[in-house]
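Trainee: Quick one: the structure is below, and I'll ask about it shortly.
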Amino acid sequence: MSDLLNKIYTGSTTQPGNPKRQKLIKPLPAVSPARLFAVEGAEKAQLPQPLIKTLDDLKRNLQTAVELEHSTIPPYLCALYSIKEGTNTVASTIIRSVVVEEMLHMILAANILNAIGGKPVINQKEFVPTYPGYLPGSDKSFIVGLEKFSKESIDVFLKIEKPSPPLPKFDPEQAADLLFEDPGFQTIGQFYQAIMLGIEYVNENTPGGIFIDDPEVHKRQVTQEHYYGSGGMIVPVYSIENAREAIEEIVGQGEGIDDTIDDSDAKLFGQTTEYAHYFRFNELLMERMYAEDDTPKSGPTGDPIVVDWIAVHNMKANPKVEDYKDQPDLLTKAKEFNQSYTQLLDQIHKACNGEPEQLMKGIALMYKLKYLATELMNIPLGDSGMMAGPTFEYEP
Amino acid sequence: MESKHYDVVIVGSGISGSVIAKTLTNAGKKVLILEAGLQAGIALEGEAAYNVYQDYIRTFYNAPAKVPNSPYPDLKDAPSIDVLQIQKLQPGQVPPPGYLVQKGPLPFASDCMRGPGGTTMHWLGTTLRMLPNDFRMKSVYDQNVDWPISYEHLKPFYEMAELEIGVSGNVQDQHYPGIGPDFFGEDYVYPMRKIPQSYMDGLISKKTDRLKVTVNDKTYQLSCISTPQGRNSVPNTRYAYSKIIWDKTKKKLRLAKADQYNNIPSLWDNYTGERCEGNASCVPICPVQAKYNALKTLKKANKENLEVSTRSVVSRIIIDKKNKRVEGIEYKRYENPGEPEHTNLTAKGTIYVLAASAIENAKILLASDAANTSDQVGRNLMDHLVMLTWGLSKEKVYPYRGPGSTTNIPTFRDGEFRKEHAAWISPIDNWGWSWPVFSPGSDVSAAIANGLFGKALRDHINEVVTRQVLLHFEVEQSPEPENRVTIDPAYKDALGNYKPVIHYSVSDYMLKSFEAAKIVSDQIFEANDIEDHTVYNPVTDPDYVVYKGQGYTFRGAGHIVGTHRMGFTKDDSVVDKDQRCWDHDNLFLAGCGNMPTLGTSNPTLTMTALAFNVAENILKQL
């Protein structure tokens, strides 16, 4: 048993492919859940079942993962583009770095889904979340909306990126509760742990495994050739090891830490370390960088960050195209934004469905979205004292 | 105060200095770099690097004339050349403004950047290798001089340079005149795939590739090929190297194998600059740092072994009269770049490297009365002489899509004609008429003067700017002893250092090329239905020349070369084939100044290859 414990509770401290990024997450179990929870003398039939136990379950949850990753992007972009040009450079840099990593996570989730014969769906109306709303697959404990950069919106971002609670002292009963029976997830990390366990389980119980070794399927992977600028590594998924690496990348970048955020005394920070989204947002909220000797418990005590909470376009929260109907020019622009956004989703859909080179074409659209969003945020919304903003609605 | 002793003291943090510093520090040697520019510019990480670069970009946006040095600080205590200030010195008159003292007869119209990262901050990024015959001009064509090293000698160092810079290109496209199958190694690929050629290049190539042109009674078939460039694109999965390492046992530098090539993003974060975005402002500044600059190399140095002293302007090297070895480098450390107050300091090391640009290197040597047994220090100043031709295309070609230049015509880079006139390369430029006539600003001013405004003005600009075609003939200049850098106590800068005095002219071997190139240009314009609008103005163009009754204007390419040439003996050259001074065995020179001839390649790639060669030679000697 101690070997297994070691496998769960230890591991290298950096992520494969990027020695600078700490692998702050708990290493995912390297063995199948059946064996993990094998208690001496117990019958296999008595063992707890994972939440995700069929290939269809798995595909459905991975599609949710793609949706989940995407659903964080419009809120982050609204905050980013609401920052007035030339101000808040640190805040902009931090939010931008998170956005591009969320895009990476979305593609990584799609890669896993493709590797097991699924087909990511990205260009449908249902794919686009309604704001304000809950994150796909979440336990509905908080609402996410399209809002300008503010302490309140950063606070929501912190909730999105909140780390998982720590693994309890090894106890099969408790672990089973935590990992297998929770309907809806408190954190994104928990969700991916359930997916990883599901992958292990279904792969082990499927003759020949679930990773399809076929050049036609391999061609559906988005590789380093097509994807870049994410800070992290794109991982093409051909095997269970690749899937694990991809999930570690996602969870590691997102929330990061193998402990509760308030209690850990681990020294995690420093100039050359790329730390998780949660802590980057926390730096903004605290208006201070983490210093090398800081711990999650100490909070950031390093150099102050100048955050100008006023130098922000006063974008109306959760705008809809409907709100603009009395201002025809604004309406046209907002629709143009939505058309470009929908077009971009369509390109990403194609890229994740056998035409990875389509991603390259998305670059121009991403710039167009940025310019249009900035224009929208400069247009007053009637006499309300508020400004318009992008609505991120599906508009084919 | 006793100063610290280093293994190597390097003057300048441009590409040569950075390559040498990186290679030596990673091989465990202690290195000091003396950099004349400001401390802010040396920031290599995070917010500091971001902020200083954003400052450069803002300065560029606000500059009325977008000349190559426009984003970067011009310091009174370490002045940079300003290409807008190249008026000739008139006898008996107060010297006109500008760092260079232009004695003429023609003004020298090129600049370099004096500050952290050097001229790679504003370079275009073209990374063509020189051709085998460029190294043996005397033996093959009875012109110029031969190099003491061959293309084959430099080839492994070219491969290192292409890794270091991160070259994007397609080796299959690289057909140049006069090269054999061994020019690139078998199966050689660049680290990254080629930058997509611009829309305009596609249109021009359609009617220019394979076009037959006649010049001086001979017919040539033109070709249009993609240009390798030092800016990020898609990594080539077949490229198998990641770094350059010092092999202690074999006493050689070599490429180290790796699973994949990772391109180098911006200094400030990993989220920016992994691909060229086609912003088209490569010169003077790439807004996302997808274009290579030397600070990316310096960032890879072993920081434990490296010190960089900024605000440190070198004035003189000290030489032991008896053994002729360099004993130290004197420099002036200013506090405020606008004030003359400074501290005099001396840096000491086992070996010294001057990598401060061709002009500064020559100036420092002359001021120190060093390395000059051959009387070649400062002589043979060269540049590519850029003759531009411009016209309006019938079809809209849409310049400014993509980086500065993605295609070139290599046909006249080598051939028998070099016995008669200089070779040239023709990049197809992607910047409309901005260079010769300051488009699109000048188009807007002219239209407004004609009463256009609003939509009519926009429509007019859309009609005109989108049809602007610029061809570019970069003529190789020969080394000539009277084209030279000198010093004169009458001309000094704010710190009391010498200003470079430039003597410069162009002889018939090059003028004949202007004539030939214009004939070729006419035929290209005709084949492409381009209406020629080229005007060479004898009054307003500083470098206006006449050949056989016909006027031509050339411009500077920013390729400052040749002022401390390498050669075969201590009587014909300043450095030997190892780039060590003949006169001082612990003084190496680095940079374009070592090049005996220029060829038709933009010189940065060759300079980088030479810098790796210098680094190897220093490691052998230490």
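Laboratory data are not the source of any read-out in this text; all were calculated from the coordinates shown. Note that the coordinates shown come from a computational prediction; the quantities given were computed from them, not determined experimentally. Glycine gets a Cβ as well: all are built from the backbone with ideal geometry, and neighbour counts include every protein chain shown.
Trainee: For the ranges B:117-130, B:498-511, what's the packing order if you count other beta-carbon atoms within 10 Å of each residue, average per peptide, and put the highest first?
Mentor: B:117-130, B:498-511
Trainee: Ok, one more. Can you give me the angle between helix B:454-465 and the longest principal axis of chain B, using Cα atoms only, in degrees from 0 to 90, rounded to the nearest 10?
Mentor: That helix lies at roughly 80 degrees to the long axis.
Trainee: Given axes a ≥ b ≥ c from the Cα gyration tensor, I'd like to know whether the range B:120-237 is rounded (a/c under 1.5), prolate (a/b larger than b/c) or oblate.
Mentor: Judged from the Cα gyration tensor, the range B:120-237 comes out oblate (a/c at least 1.5, b/c at or above a/b).
Trainee: Could you work out, residue by residue across B:403-410, how many beta carbons of other chains sit within 10 Å of that residue's beta carbon, and then give the average as an integer?
Mentor: Mean partner-chain Cβ count within 10 Å for B:403-410: 0.
Trainee: Highest mean first, how do A:333-340, B:203-210 rank when packing is the count of other Cβ atoms within 10 Å averaged over residues?
Mentor: Order by mean packing, descending: A:333-340, B:203-210.
Trainee: May I ask for the angle, rounded to the nearest 10°, between helix B:358-368 and the longest principal axis of chain B, with both axes built from Cα atoms and the value confined to 0 to 90°?
Mentor: 30
Trainee: Take every residue in peptide A:93-100, count the Cβ atoms of other chains within 10 Å of its Cβ, and give the average of those counts.
Mentor: That works out to 3 on average.
Trainee: How charged is the neighbourhood of residue B:402? Take every other residue with its Cβ under 15 Å from the Cβ of residue B:402, and add Lys/Arg as +1 and Asp/Glu as -1.
Mentor: +4
Trainee: Considering every residue in B:260-272, what mean count of other chain Cβ atoms within 10 Å of its Cβ is obtained?
Mentor: 4
Trainee: Give me Rg/Rg_expected for the range B:165-319, where Rg uses Cα atoms only and Rg_expected = 2.2 N^0.38 Å with N residues.
Mentor: 1.35
Trainee: What order, most packed first, do the peptides A:235-246, B:383-394, A:283-294 have when packing is the mean number of other Cβ atoms within 10 Å of each residue?
Mentor: Top to bottom by mean Cβ count within 10 Å: B:383-394, A:235-246, A:283-294.
Trainee: Per residue of the range B:163-173, what does 6.51 cos²θ - 1.76 cosθ + 1.60 with θ = phi - 60° give for ³J(HN,Hα)? Whole Hz please, x for Gly and Pro, Karplus curve as stated.
Mentor: Calculated HN-Hα couplings, in order: 6, 4, 6, x, 8, 9, x, 10, 4, 4, 6 Hz.
Trainee: Pairing the Cα long axis of helix B:508-527 with the longest principal axis of chain B, what angle in degrees results, from 0 to 90 and rounded to the nearest 10?
Mentor: 40
Trainee: Multiply the residue separation of residue B:345 and residue B:249 by 0.36 nm, subtract the distance between their alpha-carbon atoms, and state the gained length in nm to one decimal.
Mentor: Result: 30.8 nm gained on full extension.
Trainee: Going by a ≥ b ≥ c, the root eigenvalues of the Cα gyration tensor, does the range A:200-243 fall in the rounded group (a/c under 1.5), the prolate group (a/b larger than b/c) or the oblate group?
Mentor: Since a/c reaches 1.5 but b/c is at least a/b, the shape of the range A:200-243 is classed as oblate.
Trainee: HN-Hα J couplings of the range A:295-311 from phi, Karplus 6.51/-1.76/1.60, θ = phi - 60°, integer Hz, Gly and Pro as x?
Mentor: Once θ is set to phi - 60°, the couplings for the range A:295-311 become 10, x, 5, 5, x, x, 10, x, 4, x, 9, 7, 10, 9, 6, 8, 6 Hz.
Trainee: Across the range B:109-123, in residue order, what do the Karplus-derived ³J(HN,Hα) couplings come to in whole Hz, using 6.51 cos²θ - 1.76 cosθ + 1.60 with θ = phi - 60° and x for Gly and Pro?
Mentor: Karplus-based 3J(HN,Hα) across the range B:109-123 equals 10, 10, 10, 9, 9, 9, x, x, x, x, 6, 5, 5, 10, 5 Hz.
Trainee: I would also like to ask the following. What is the spread of the Cα atoms of the range B:470-622 along each of their three principal axes, largest first, in whole Å?
Mentor: 61, 39, 29
Trainee: Can you give me the long-range amide H partners of residue B:136? Hydrogens built in the peptide plane at 1.01 Å from N, cutoff under 5 Å, separation of 5 or more residues or another chain.
Mentor: Answer set, sorted by chain and number: B:147.
Trainee: Enter the per residue convex hull volume of the range B:253-365, computed from alpha-carbon coordinates, in Å³ rounded to the nearest integer.
Mentor: In the range B:253-365, the Cα convex hull volume per residue is 196 Å³.
Trainee: Separate question: If I take R0 = 22 Å and measure r between the Cβ atoms of residue A:124 and residue A:339 in this structure, what FRET efficiency does the formula 1/(1 + (r/R0)^6) give, to the nearest 0.05?
Mentor: 0.90
Trainee: If you build the convex hull over the alpha carbons only and average its shadow over all orientations, what do you get for the protein assembly as shown? Give it in nm² to one decimal.
Mentor: Reported value for the Cα convex hull: 45.4 nm².
Trainee: Enter the per residue convex hull volume of the range B:5-621, computed from alpha-carbon coordinates, in Å³ rounded to the nearest integer.
Mentor: Per-residue hull volume (Cα only) is 157 Å³.
Trainee: How far apart, in nm, are the 7 Å Cα→Cβ label points at residue B:93 and residue B:3?
Mentor: 4.0
Trainee: If you take the square roots of the eigenvalues of the alpha-carbon gyration tensor of the range A:265-396 and sort them as a ≥ b ≥ c, do you get rounded (a/c under 1.5), prolate (a/b over b/c) or oblate?
Mentor: Because a/c hits 1.5 or more and a/b fails to exceed b/c, the range A:265-396 counts as oblate.
Trainee: Here is a further query. What aspartates and glutamates sit close enough to residue B:30 to cross-link, taking a C-alpha to C-alpha distance under 12 Å and skipping anything fewer than 8 places away on the same chain?
Mentor: Cross-link targets: B:7, B:304, B:307.
Trainee: Using R₀ = 51 Å, calculate the FRET efficiency as 1/(1 + (r/R₀)^6) where r is the Cβ-Cβ separation of residue A:141 and residue A:292; round to 0.05.
Mentor: 0.90
Trainee: Give me the one-decimal nm value for the distance between modelled label points at residue B:416 and residue B:210, 7 Å along each residue's Cα-to-Cβ direction.
Mentor: 2.5
Trainee: Still on this model: Quick check: pseudo-label points 7 Å beyond the Cα along Cα→Cβ at residue B:622 and residue B:335, how many nm apart are they?
Mentor: 3.5
Trainee: Still on this structure, please answer the following. Once the piece of chain linking residue B:548 and residue B:153 is laid out straight, how much longer is it, given 0.36 nm per residue of separation minus the C-alpha distance between them?
Mentor: 138.1 nm
Trainee: Near the amide H of residue B:117, under 5 Å away, which other amide H atoms are found, from residues 5 or more places off or on another chain, if H is placed in the peptide plane?
Mentor: Residues meeting the criterion, in which the H sits 1.01 Å from N, are B:13, B:14.
Trainee: Amide H of residue B:312: which non-local residues (sequence gap of 5 or more, or other chain) have their own amide H closer than 5 Å, using H built in the peptide plane?
Mentor: Correct list: B:35, B:36, B:37.
Trainee: Related question: I need A:105, A:313 ordered by Cβ neighbour count within 10 Å, fewest first.
Mentor: Going from least to most buried by this count: A:313, A:105.
Trainee: Computed FRET efficiency, Cβ-Cβ of residue B:57 and residue B:84, R0 22 Å: what is it to the nearest 0.05?
Mentor: Step by step, r from the Cβ atoms, then E = 0.65.
Trainee: Shifting gears a bit: Find how much the distance from residue A:218 to residue A:331 grows on full extension, using 0.36 nm per residue of separation minus their present alpha carbon separation; answer in nm with one decimal.
Mentor: Length gained between residue A:218 and residue A:331: 36.4 nm.
Trainee: Give me P(r) over the range B:49-121, computed from all C-alpha to C-alpha distances, binned every 10 Å, as integer percentages.
Mentor: 19, 44, 26, 9, 1
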